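Working notes, structure below.
The values are calculated or read from the model by the stated rules, or taken from the named source; none is laboratory data. Model, not experiment: these values are computed from the prediction. A quick note on method: Cβ atoms are made from the backbone with ideal geometry, for glycine too, and the neighbour counts reach across all protein chains shown.
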Amino acid sequence: MRHALTLLTASLLATNIATANNGYYRHPTLNQQSLVFSSEGDLWKTSSTGGQAMRLTTHSAEEVFPLMSNDGKWLAFTANYDGGMEIYVMPSNGGVPKQITFDNGRALPQAWTADNKLIYSAPIQQGPLRSESLYRVDPITLKRDAIPLADANQATLADDGKTLFFVRGGIHLSNDNARYYRGGNKATVWRWQLGSSSEAVQVSPENDRSYRAPMFWENQLYLLSEDSGVDNLWRMNLDGSDLTKLTNHSDFEVRGPSLHNGRIVYQHGADLRVFDIASSSDQKLNVDLVSDFEQTRTRWIGNPLEFLQHLAIAGDGSRVALTARGKPMVAGTTALRRMPMLIPDDVIASATQLSPDGKYLYAITDQSGEEEIWRYPVNSTEKPQQLTKDKMGQRFNLHLSPNGEWLAHDDKQGNLWLLNTKTLKNEKLDNAIAVGNTEFQDLSWSADSRFIAYSRPDNMRGVNQIVLQDIAGGKSAVVTTEKYPSFSPTFSVDGQWLYFLSNRHYKPTPSSPWGDRNMGPHFDKRTEVFALALTSDAKFPFTPDTELAVKQPEKKDDDKKDKKKTEEKPGITIDWKGLAERIYQAPVSADNYRKLELGNDRLFLLEAGENGNKGHAIKTMAFGNDAPKLETFFDGAGDFGLSADRKKLWLSKTANNKVSAVYLMDAGAKASSELDKVQVQTGGWKLAIEPREEWRQMFHDAWRMQRDFLFDPKLRGIDWQQTKTRYEPLLARVNSRQELDDLIAQMIAELGVLHSQMRSGDTRRDNEQPQQATLGAVLDAEENGYRIDHIYRGDRDLLGERSPLDLPGVDVQEGDLITHVNHQPVRLGQPIEVALRQQVGQQVRLDIQRGKNSHAVIVKPVDGFKQSLLKYADWERRSLENVQQQSDGKIGYLHLRAMGPNDIASFARDFYAQYDKDALIIDVRRNNGGNIDSWIIQQFLRQTWAFWAPDQAPAFWNMQQTFRGHVAFLIDEYTYSDGETFAAGVKALELGPLIGKRTSGAGVWLSDRNRLVDGGMARAAEFAQYRADGEWIIEGYGVAPDVEVNNLPYATFNGNDAQLQSAIEYLQKKLQAEPVARPQPKPIAPLGQPGKDVEPLKQ
């Protein structure tokens, strides 16, 4: 018995030893005895010399950036427990976390004061987005005060408790991952005395490197910087002199350093290391996690349709192949079992196609380490077969012929290939990379599997045309004009017609260029349905009968049966001569059609919905010449397709951009009225995911996509294979999805390119998280309530964009005190933010005290995102009022937050309200990019050449609504992406001076089509920009201003805007020197004297 107990004890010990593991360690913080760090999304504690770690937190939300107090008693950290990335404190030995910040943004601990107050960074309370400031909070009372420094983020305190060193700028604020950065948003270190009214002073050297993460020790600063692309620890004097490199890592960079008592702990790869300042020793800490590694266990995706990536239908329409999260599954509408494809857990499939007999599934998979085409058995133990081995890189689409013999496929190099599924011969059919085409999405096969049709540009303007190919005879022709885009070709069942969609209907709305904010005619609903007669004697089914038409006698049933028995289906022939001229138009009204499919007796169209969140409409119309009508087949669809025999139709039902159901039904005149009977049996379908295997696949996929998508084929001279070899061993240390992102981020940073953010995928979620609610104001906690310091006020003409406290009928003023929310007291220590949780859009009672009087109001709080927009609009309004006041209304002002659809609307509202000003300031500071730079620039290239002067009415210029005054443009180090392209265009075209600071340097655009299997992304910059002389521009450097002006931290926080002031003063001088002429008509000549001829404008 004793021997058995001994064995049992040994077994248990072995189990414990087995659970102790090297994890992936981030965000370390140190004191004399203890080390706290983040791993698995939780906080852990161990000895300051390493050893076995104890878990401190278990919440499903991720805890990051821990910081121990100087006395070691308290631990501050950032987590999203309650609807925002806020700071919590807990005893350093463990306990219940307490929320201490309520900033509606990303609050990060920076430094503890000697009296255990916490200095932290968070979004500034009054200013634009992407603007940080520092605050100090008492964790006990929650009393908070702002440190008056704009654009201040990372910070440390000197031993005197008064001297603050902080960082301005840095690409960590844009979440970029790039080494060798030399752009305008480099990080710099500044010094300021707490409580001072003097301006802060930059102390880091004036060069092109970044200096960040400052740490104070014995009258010297320790910080991160690099001289060869790799961040290491450095030291410098407090005035920036004697810069000395302390560590010499070349494999992995130094990340997240934290200093205590002469020792600096930091992340290095997946490890933690400690640098001892006194001895200059740098040692790895051996840390073990004792954990169940819960996030690495098998996961069951409860609703795989949320991750649906592709649908394919069997040739006979009996079943469909659904690919979700890279895992294909074959199912139908009957009780027959679902058939998942048996592919390895670290392999994903895409672009699946079912063979005509339903026995095989073709897919693009990465089972070989590269994206190749494989064939998998659907319902047998037969081994899968790799069909291609050419390592072509990214592949996109598969198109299987109806007879299953041919597989057309494409790759990112713009090649179209034809694979014989029996001989495995792979032949290149086309290449369209020269005209910018990298995908062949809408390829269609003829019923006899001899011909293919697809769209691609055959011109340098990028206008899609229909290409027809005979794969047996080798003949090919472009069969549509390059004047109008054509797409979605599809063959008729009898092979006599090739139908397609083309944008040829142009009805202008509005019908003329006149009227308020008329930015030119818009052409909606351009798409129409056309058909090419493939044979010269084909009869168009929609052609009305005429007296000359010969009506064929009706065949008897017996004749039809005999013909079916005795005749084989004839092959399709094409009369190539004059083919492009044999074009017909179907009697279908123009609309926004996306897709066309042909059934046996009717056509089907996917009509784009006005609100994409609600899906699209499938329309259908029967072939015939007796006034056929287009009818709605199904509303709310995401996509649809037909089987090879044209008898069955699949469709996906979409809500809020998510597939909620898939149906398989007859391709008839109407959708089934009993949808439950035609629904593909996905109920009870749960998808098993092995996280470690999926993470391995995503790591390799991210590596491949950087290789294949990056704008530089030489990958900036980096040995990319060796880079993967160096980082790949760390995969075994990854225990959470966030850690995978961190690992990939470190790897792609080696390429030294912006637009390199990680987009989060399927991470662990807190399903009980409340929603934050706000009042659209700056509130300050006092002993008896919350003082309203400032109400955000934007465009007062837009009621839907006003603060809840700024609406008509709400009797609230700045200076009022909020004492209760829904009768619940709120005051210092009793946060109003807690009382407002889960109240977005709901009626909330506020008790207001104004002097000695009190009253109540009802308001509807907004969410945190709306609060940030209100704050932004408030800053824009104050900037506009500043300009108007100083210029007596002669100078206009508008700010562009980004370069997307919302900013087109913003420009339309603001520019056309000010185009008649003598001067205009265009502000693209903090602009986050998009793609509308050229559209904005063209507004400033317009010129007036004459004017109209109606009798007894104001004269007005032609070109109408053209700005004729002087203009200045504001940029700063946070101007990013298309904001920079806009600035570059302004500079190249000499539209006006750029005033401010050099921009970020994110000059290579991208498509963001390189998503990982769980929806995440490692962004890859794809499209480089060049000057007219061929020189590469912007990336890694930015656009330099014509007039450099720095908005200093203390002055800017206190309301000064030196860059805006410089623009105002420039334009005032310009107007004084060059006044803007107003139209002044001269007397009309008497009868008999004609008007004058036009003369060239004097530039």
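Comparison of 634, 623, 711 shows that the only residue that is in contact with a strand residue (DSSP E or B) (Cβ under 8 Å, 6 or more places away or on another chain), closer than 30 Å to residue 754 by Cα and of a type in the set (Phe, Trp, Tyr) is 711.
Residues that are among the aromatic types (Phe, Trp, Tyr), within 37 Å of the chain's Cα centre (by Cα), within 22 Å of residue 64 (Cα to Cα) and at pLDDT 95 or above: does the stretch 239-252 have at least one? Give the steps one after another, and end with the answer.
Applying the first criterion (among the aromatic types (Phe, Trp, Tyr)) to the stretch 239-252 yields 252.
Applying the additional criterion that residues be within 37 Å of the chain's Cα centre (by Cα) yields 252.
The next check asks that each one be within 22 Å of residue 64 (Cα to Cα); those that pass are 252.
Those left that are additionally at pLDDT 95 or above: 252.
Checking the stretch 239-252: at least one residue is among the aromatic types (Phe, Trp, Tyr), within 37 Å of the chain's Cα centre (by Cα), within 22 Å of residue 64 (Cα to Cα) and at pLDDT 95 or above.
Residues considered: 434, 453. Of these, the only one that is outside any loop (DSSP other than H, G, I, E, B) and at pLDDT below 95 is 434. Filtering the stretch 252-306 to residues that are among the basic types (Lys, Arg) and under 30 Å from residue 326 (Cα atoms) leaves 297, 299.
Residue by residue, here is whether (1) under 28 Å from residue 778 (Cβ atoms); (2) among the small types (Gly, Ala, Ser); (3) assigned by TED's automatic domain parsing to the domain that holds residue 938 holds:
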| residue | (1), (2), (3) |
| --- | --- |
| 886 | yes, no, yes |
| 890 | no, no, yes |
| 898 | yes, yes, yes |
| 902 | yes, no, yes |
| 907 | no, no, yes |
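Remark: pairs (first residue in the stretch 576-603, part of a loop (DSSP other than H, G, I, E, B); second residue surrounded by fewer than 18 Cβ atoms within 10 Å (Cβ to Cβ) and charged (D, E, K, R); Cβ separation under 6 Å; 6+ apart in sequence or on different chains) = 590/525; 592/525.
Mind checking which strands (runs of 3 or more DSSP E) fall wholly inside the stretch 644-758 and carry at least 1 residues that are more than 21 Å from residue 348 (Cβ to Cβ), modelled with pLDDT of 95 or more and more than 27 Å from the chain's Cα centre (by Cα)? Spell out how you get there, then give the answer.
Details: elements: 648-655, 658-666, 687-689.
Counting at least 1 such residues, we get 648-655, 658-666.
Within the stretch 17-31, restricting attention to residues that are surrounded by 10 or more Cβ atoms within 10 Å (Cβ to Cβ) and farther than 15 Å from residue 268 by Cβ, the residue that is modelled with the lowest pLDDT is 17.
Do we have residue 1072 as without any contact (Cβ under 8 Å) to a residue 60 or more places away in the chain, among the polar types (S, T, N, Q), farther than 30 Å from residue 919 by Cα and surrounded by fewer than 20 Cβ atoms within 10 Å (Cβ to Cβ) here? Against the criterion (without any contact (Cβ under 8 Å) to a residue 60 or more places away in the chain, among the polar types (S, T, N, Q), farther than 30 Å from residue 919 by Cα and surrounded by fewer than 20 Cβ atoms within 10 Å (Cβ to Cβ)), residue 1072 does not qualify. Annotation for the stretch 72-92: at least one member residue is over 26 Å from the mean Cα position of the chain (by Cα), buried (at least 21 other Cβ atoms within 10 Å of the Cβ), at pLDDT 95 or above and over 30 Å from residue 789 (Cα atoms). With respect to residue 524, determine if the residue is out of contact with any Leu (no Cβ under 9 Å at 6 or more places or on another chain), surrounded by 15 or more Cβ atoms within 10 Å (Cβ to Cβ), touching a residue at least 40 places away in the same chain (Cβ under 8 Å) and not aromatic (Phe, Trp, Tyr). In short, no.
Within the stretch 32-61, the set of residues being in contact (Cβ under 8 Å) with a residue 40 or more places away in the chain, within 39 Å of the chain's Cα centre (by Cα) and not in a strand (DSSP E or B) comprises 40, 41, 57, 59, 60, 61. Taken as a whole, the stretch 760-767 holds no residue that is surrounded by 18 or more Cβ atoms within 10 Å (Cβ to Cβ), touching a strand residue (DSSP E or B) at 6+ places or on another chain (Cβ under 7 Å) and not β-branched (Val, Ile, Thr). Scoring residue 1068 on the criteria (1) farther than 30 Å from residue 691 by Cβ; (2) at pLDDT 95 or above; (3) outside any helix (DSSP H, G or I) leaves a single failure, condition (3).
Pairs are defined by a Cβ separation below 7 Å, a sequence spacing of at least 6 or placement on different chains, a first member in the stretch 715-728 that is assigned by TED's automatic domain parsing to the domain that holds residue 743, and a second member that is among the basic types (Lys, Arg) and at pLDDT 95 or above; the pairs so defined are 715/707; 720/707. The set of residues in the stretch 770-810 that are of a type in the set (Lys, Arg) and either in a strand (DSSP E or B) or touching a strand residue (DSSP E or B) at 6+ places or on another chain (Cβ under 8 Å) (or both) contains only 787.
Do you know which of the residues in the stretch 1013-1037 that are of a type in the set (Phe, Trp, Tyr) and over 30 Å from residue 694 (Cα atoms) is surrounded by the most Cβ atoms within 10 Å (Cβ to Cβ)?
1037
Name the single residue, out of those in the stretch 894-913 being under 12 Å from residue 962 (Cα atoms) and touching a residue at least 24 places away in the same chain (Cβ under 8 Å), that is nearest to the chain's Cα centre (by Cα). Give the steps one after another, and end with the answer.
Filtering the stretch 894-913 for residues under 12 Å from residue 962 (Cα atoms) gives 911-913.
Still in the running and touching a residue at least 24 places away in the same chain (Cβ under 8 Å): 911-912.
Numbers: 911: 27, 912: 30 Å.
Among them, the one singled out is 911.
Would you mind stating whether residue 463 is over 29 Å from the mean Cα position of the chain (by Cα) and of a type outside the set (Asp, Glu)? Answer is no for this residue. When residue 635 is tested against (1) within 25 Å of residue 401 (Cα to Cα); (2) of a type outside the set (Phe, Trp, Tyr); (3) assigned to a strand (DSSP E or B), just one condition goes unmet, and that condition is (1).
Do any strands (runs of 3 or more DSSP E) entirely within the stretch 915-1011 hold 1 or more residues that are modelled with pLDDT of 95 or more, small (Gly, Ala, Ser) and closer than 28 Å to residue 879 by Cα, and if so, which? Even if it seems obvious, please write down each step before you answer.
On the way: elements: 919-923, 946-948, 956-958, 966-971, 994-996.
Once the strands (runs of 3 or more DSSP E) in the stretch 915-1011 are filtered for at least 1 residues that are modelled with pLDDT of 95 or more, small (Gly, Ala, Ser) and closer than 28 Å to residue 879 by Cα, what remains is 919-923, 966-971, 994-996.
Pick from 490, 535, 481: which is assigned to a strand (DSSP E or B) and either of a type outside the set (Ser, Thr, Tyr) or surrounded by 13 or more Cβ atoms within 10 Å (Cβ to Cβ) (or both)? The match here is 490. So is residue 142 assigned to a loop (DSSP other than H, G, I, E, B) and either closer than 24 Å to residue 1045 by Cβ or small (Gly, Ala, Ser) (or both) or not? It is false that residue 142 is assigned to a loop (DSSP other than H, G, I, E, B) and either closer than 24 Å to residue 1045 by Cβ or small (Gly, Ala, Ser) (or both).
Please tell me if residue 136 is in a strand (DSSP E or B), among the charged types (D, E, K, R) and within 29 Å of residue 34 (Cα to Cα).
On the way: in a strand (DSSP E or B): yes; among the charged types (D, E, K, R): yes; within 29 Å of residue 34 (Cα to Cα): yes.
For residue 136, the condition - in a strand (DSSP E or B), among the charged types (D, E, K, R) and within 29 Å of residue 34 (Cα to Cα) - is met.
For the stretch 293-302, give me each residue that is under 16 Å from residue 660 (Cβ atoms) and surrounded by fewer than 16 Cβ atoms within 10 Å (Cβ to Cβ). 302 - this is the single residue of the stretch 293-302 that is under 16 Å from residue 660 (Cβ atoms) and surrounded by fewer than 16 Cβ atoms within 10 Å (Cβ to Cβ).
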